[in-house]
1. Can you order the peptides 38-49, 70-81 by their average number of other Cβ atoms within 10 Å per residue, highest first?
2. Once amide H atoms are placed 1.01 Å from N in the peptide plane, what residues at a sequence separation of 5 or more from Tyr97, or on another chain, have their amide H within under 5 Å of its amide H?
3. Counting just the Cα atoms, what span does the chain cover along each of its three principal axes? Round to the nearest Å and put the largest first.
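A short reminder: the numbers here are calculations on the coordinates, not readings from a lab. The shown structure was predicted, so the numbers you read here are calculated from the model rather than taken from an experiment. When we count neighbours, we look across all protein chains shown, and the Cβ atoms used for this are built from the backbone with ideal geometry, even at glycine.
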Amino acid sequence: MTRFSRTQKFTKENIVKVPQDKAIVYKIKNRNGENLYTGIAGRGRSQERLVEHKSIKKEKIPEGTRFQYAQVKTKDRARQIEKSIIRKEQPEFNEEYK
């Protein structure tokens, strides 16, 4: 079973604390705890990927105020978990795997 971090505020200060040594699966949530978007990032790219959702207009998730992440051994495993979460939770901003 994949173990996610505690939910934390979606701020650049918290993003820089995300470990970079393994691939991650992450969820961006609204203030009510609803999953708005689930994504993955490869080893060494987790912080950069989360910042893209915070800063880059085309990647931005409106109302995304919180996030969670889970480290996994490989990007392939992260992709499997991502697909499963998207199918189960149907996040509003994910289009693939629904």
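1. Details: 38-49: 18.2, 70-81: 16.2.
Top of the packing list down: 38-49, 70-81.
2. none
3. So the extents along the principal axes, rounded to whole Å, are 29, 29, 25.
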